1. Residues with amide H under 5 Å of Val24's amide H, sequence separation 5 or more or different chain, H placed in the peptide plane at 1.01 Å from N; which?
2. In whole Hz, what ³J(HN,Hα) sequence does region 629-646 give by Karplus (6.51, -1.76, 1.60; θ = phi - 60°), x for Gly and Pro?
3. According to a simple spin-label model (label point 7 Å from Cα along Cα-to-Cβ), what is the distance in nm between Glu190 and Arg121?
4. Work out the FRET efficiency for Glu606 and Leu25 from their Cβ-Cβ distance, taking R0 = 45 Å, and round it to the nearest 0.05.
5. Using 0.36 nm per residue of separation minus the Cα-Cα distance, give me the extension gain between Val417 and Asp588 in nm, one decimal.
6. Within 10 Å, Cβ to Cβ, of Val543, how many net charges do the neighbouring residues add up to if Lys/Arg are +1 and Asp/Glu are -1?
7. So what J values fall out for region 71-78 if you push phi through Karplus, 6.51 cos²θ - 1.76 cosθ + 1.60 with θ = phi - 60°, rounded to Hz, Gly and Pro as x?
8. Can you tell me how much longer the chain between Ala261 and Ala434 gets when fully stretched, taken as 0.36 nm per residue apart minus their C-alpha distance, in nm with one decimal?
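Quick note: the coordinates plus some simple rules give every number you see, no bench work behind them. As the structure is a prediction and not an experimental result, all values here were calculated from the model. Cβ: placed from backbone, ideal geometry, glycine included. Neighbour counts: every protein chain shown.
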Amino acid sequence: MSTSTDHDHVLGRVVDARYRVEDVLATGGMATVYRARDLRLDRPVALKVMRPDLAADEQFVGRFVVEARTAARLSHPHVVPVYDQGRDDGVVFLAMELVEGRTLRDVIDEHAPLSLRAALRLVEPVVQALAAAHEEGLVHRDVKPENVLLGRGGTVKVADFGLARLDVADARTTEVLWGTAAYLAPEQVEHGRADARTDVYAVGLLLLELLTGRKAFPGQDPLRVAYEHVHVGAPRLRDLVPSAPASVEDLLLRASATEPADRPPDAGWLLTELRSLRRSLSDEELDAVPALPPSPPDATVPVAVRAASGPPGTGRTPTDPADATQVMGLQPADATRQITGAPEGHYARTRGNRAPRPARRGARGTDRGATAYPPTAGTDRRRRRGGAAAWVLALLLLVLGAGGAYGFWYLTEGPAVHSAMPTVVGLTEDEARAALDARQLDPVVERDFSEEVPAGTVVSADAAPGSELRHGTDVRLVVSQGPERYAVPRLVGLTVDEATQALEEASLQLGGRTGRFDETVPAGTVLASDPDVGTQQPPGTAVAVVVSDGPAPVDVPDVTGRTEQEARDALTGAGLLVEVSPDRVFDDEVPEGAVVSQSPGPAQVERGTTVRLVLSQGPELVEVPDVVGRQFSTAEEELTGLGLTVVREDVRGGFFGTVREQSVEPGTEVAPGTEVVLAVV
């Protein structure tokens, strides 16, 4: 464990000439996380600094660097990004985003047990992040509540991908085991291996903890907890929360199965199952807060565990709590160690999990098979002063008594006894469980859809009726979930793309698409579906939709030649908008104030389209000049040049050719083409 002395060499220091270390955020079994400031980009970061003793191990550091670089390539909204990694004067560090908020451990401590809806709201982002990692070939290996961060805005992010490593066939280490004992998968404990199913296992335990408020494997001794992962198995949800839906327990049993092959293959599969589970449950089931039965105090049960001749550190109780990420020595298979305090309801098995049967009572009223502990350091001083011979005798009697009790149990109730497999196909799940329990066989239930067999009825079993099976044998039962049906989701108000996605998530597909005009709903929005919302349909059913084409088009009337007011009335009455050009134009035919042109012209357009009008200024006028006293030829030329029509009237023969009078007074404005009569003398 890091101490304050470990912190002293980093606090206040500028690491790598870039990160000024300001405060301690958290301390774990492998590293300490500090609040720091990136001086180059002027932003806060979380700086994870490896323990000095681990930083001195070049092989360890080398693997850490390679895996940190691999994790840094992972970009996902629910993953705490890795910014930088380096080494500075013996300080091996990892720079990450600083998420201000709290951890999922805080939520569990303060609010668990949670409703299923609340638990899924927290777990699904975690699974999404892991799914993205698994697609990249990365395995987290240390999924736990402390590594799930909740930002102040409600964002859920998974941290510590610095421990992630590539998911390859030899992704294991023979000398150390990385991870947190309470969430280690059995294959990590036994073989030091981790793949995508290892993360699935940890998520199953995490969801169980959210729903029950207790760890699947409680305890402070990491070796004891690791043993239980392999030989005990996770508890059943409904043993802890009897009101929980059976489908939720079934998913948890698959996710936290002892054998990796029995789990969903990766987080992507698990995410699909979680979403399907959420859709299959009613609002009442999703929102119900689990009611836990009273928990009995932990019993002290002797269990032999192989341990004690491994690398340094094996066989002693770690000082770190079981929640810390630790580097633990892998234990060889030829050593034993005593573990106390196994929780009630757990017992040693190689695979599977079942509720324990009541112990038969011996002649002296004690549980058969129970064995007394050898004296420990806390035994009374007088007993500690006993001679060596007394110890040898006590141990010999203990071994003989335990061996005899075990032999009697083995021959009368244990694996040496066989039972005939009962007929269970066609029975309800409860009836089948009771029949197998009566023969001391263990039902392992899987659920599947069936079009013929009613829901809750056994479809098949992996053992034939009448076959002889050892006591404690797992019998796999397939129980019908009834016909596979999915409710049509609400599509009205969604876009076509959104409706397509909603149908795919509900295991349905988009069918025919019909357009319909609608005055209020925007184009491209779903107006109705067939079948209707909530209708139960087989998977892959095509759901037809009616989609809005927006408002129906309208006809633009021809308003040229009309007065401005007449044009406005006609256009607004058709559902159009009107805009009048401020610039009028001369027109010899259209009266002043009437419409000369419009844009757009007569056509079909969308309702609300703007029509622009240009109004007439009337014909363009010219001023008549004064031509009296001029020669006719000169006067005629000037008047015709202005577009006027000249008419000559001779007075007294008009021999002089001089204009004496003009019919239009000089200075009068007239339209081009106006006739001007000139009197010529």
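1. The answer is Arg35.
2. Working through the residues one at a time gives x, 8, 5, 4, 4, 5, 4, 4, 4, 5, 5, 5, x, 8, x, 9, 9, 9 Hz.
3. Each label point is offset 7 Å from its Cα along the Cβ direction, giving 3.9 nm.
4. On the way: r = 58 Å, r/R0 = 1.30.
Calculated value: 0.15.
5. That pair, Val417 and Asp588, stretches by 49.8 nm at full extension.
6. On the way: positive: none; negative: Asp530, Asp532.
Net of charged neighbours comes to -2.
7. Rounded to whole hertz, the list is 5, 5, 7, 7, 10, 7, x, 9.
8. Extra length from Ala261 to Ala434 when fully extended: 59.6 nm.
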